[in-house]
Amino acid sequence: MNSISEQEVLQFRQETKGTANLTHFNNAGASLPPDEVLTTMINYLEAEATMGGYEAEAMYQPELLRTYDLIAQLINADSDEIAILESASAAWMIAFNGIAFSKGDEIITCEMEYVTNLIGFLHVQKRDGICIKVIPNDEYGNFSLPALEEAISPKTKLLAITHIASGTGGMMPIAAIGAIARKYGILYLLDACQSAGQVPIDVKEIGCDMLSVTGRKYLRAPRGTGFLFVRKEIRDQLRLTAIDGFNAEWVTTTAYKLRDDGRRFELYEKNRALTLGLGRAVAYALHIGVDRIWTRIQLLSASLRQNLETIDGVTLHDTGKQKCGIVTFSIEGITPQEIKIKLAAKKINVSVAMAKSTLYYMDKNQLTSVVRASVHYYNTEEEIDGLCAAVLEISKLLP
Ligand SMILES: Cc1ncc(COP(=O)(O)O)c(C=O)c1O
């Protein structure tokens, strides 16, 4: 697969005003949106203010509905399997809390699982008496498929996996895990928060039943957006935690009927400008091609790792065979927080990944925090050189 050409990168940067004055390596936090995402939202808010909210919605209805088609295309689902929500956590919780657990049921997860999800497991453990099993990565940081199969029992109700953890560059073998979920007929909930827009995602190939995503990270959509995929065959298995006159229809004074599509998991009111912004960001990614985006992200992140490795005092923390655009490291003698501040003074954005976000993994590797430099396709080799030069300078100035 051809990667993105330098000329295209230049064009994407010209279409992204945020790239003009800073180096943004916090794409795993929130990417810089393309300018057209911003104008789409501003124009819609302008229409709301000048026409009226309901009238603007009616005018933009085809475009609003198209957002569902675009998301479906992005993950190879059907449009009626998508709910648009405000975050990945909101999406994940709607799916997870929809599952009816009984005492003794088991949830199997991985050590890369995200904090929201882990707290969710603990909550139902306390409430329903379920059992949580965590499959540890092997010594090279790879997920063990045999260990997963061994852990499955007749009581296993859910496989819950985070594809890409928030604080390390390794990736889970989600399609192989999906094959095991299908073999044993177990529900499979995938946190693809860091993956959508970075890695091609095909829910049919992965074989997941539910998938949660945020908009603001690799999709370059606005903050406050996300979506949930629920495979239509399992829609009726999930309990609803919130019902209004949108996701249910009042049939008689004593009966109601739930919506029969993915929007069953939404409520009526939402920010329509954000929905349009999300749609525009997904269209932008589709236009480039997520497979091409993924190729470039792998090239750039490999180059960043290679460069960082040559600097004395720098330790890389990404493990596992397959790595993504998230690059984590530390410098001996200085805290990640201080490194972040020093880089910010040079207009380089990175973030600090804290142990609490990926507690099993960080605890096991005795890490409290690490610097996270996350690359996207609009970053350049020159920016990587700039970051590495700044890291070298920081490490040289240490006492
Ligand atoms: C792996 C992973 N899952 C879920 C989330 C939560 O996403 P949101 O903040 O959109 O709820 C994050 C956020 O960093 C994440 O990295």
Restricting to the range 103-123, name every residue that is farther than 21 Å from residue 185 by Cα and either not hydroxyl-bearing (Ser, Thr, Tyr) or not in a helix (DSSP H, G or I) (or both). 111, 112, 113, 114, 115, 117, 118, 119, 120, 122, 123
Determine whether the range 257-264 contains at least one residue that is part of a loop (DSSP other than H, G, I, E, B), among the small types (Gly, Ala, Ser), surrounded by 14 or more Cβ atoms within 10 Å (Cβ to Cβ) and out of contact with any Phe, Trp or Tyr (no Cβ under 6 Å at 6 or more places or on another chain). no
Of all residues in the range 181-200 being more than 14 Å from residue 234 (Cβ to Cβ) and surrounded by fewer than 24 Cβ atoms within 10 Å (Cβ to Cβ), which is nearest to the ligand (Cβ to nearest atom)? 199
Within the range 86-116, take every residue that is hydroxyl-bearing (Ser, Thr, Tyr) and within 16 Å of the ligand (Cβ to nearest atom) and give me the one that is farthest from the chain's Cα centre (by Cα). 109
Can you work out which of the residues in the range 324-348 that are of a type outside the set (A, V, I, L, M) and either buried (at least 21 other Cβ atoms within 10 Å of the Cβ) or not assigned by TED's automatic domain parsing to the domain that holds residue 309 (or both) is farthest from the chain's Cα centre (by Cα)? 336
Hey, can you tell me all the residues within the range 210-241 that are away from the ligand (no atom under 15 Å from the Cβ) and at pLDDT 95 or above? 230, 231, 232, 233, 234, 235, 236, 237, 238, 239, 240
From the option list 56, 95, 77, 49, single residue qualifying as among the small types (Gly, Ala, Ser), buried (at least 22 other Cβ atoms within 10 Å of the Cβ) and either assigned to a helix (DSSP H, G or I) or not assigned by TED's automatic domain parsing to the domain that holds residue 283 (or both) is 95
Got a sec? Which helices (runs of 4 or more DSSP H) wholly within the range 324-399 have at least 2 residues that are basic (Lys, Arg)? 336-345
Name the one entry in 161, 132, 119 that is in the same structural domain as residue 209 (by TED's automatic domain parsing), within 12 Å of the ligand (Cβ to nearest atom) and surrounded by fewer than 17 Cβ atoms within 10 Å (Cβ to Cβ). 119
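The values are calculated or read from the model by the stated rules, or taken from the named source; none is laboratory data. These figures come from a predicted structure and were not determined experimentally. All Cβ positions, even for glycine, are placed from backbone atoms using ideal geometry, and neighbour counts span all protein chains on display.
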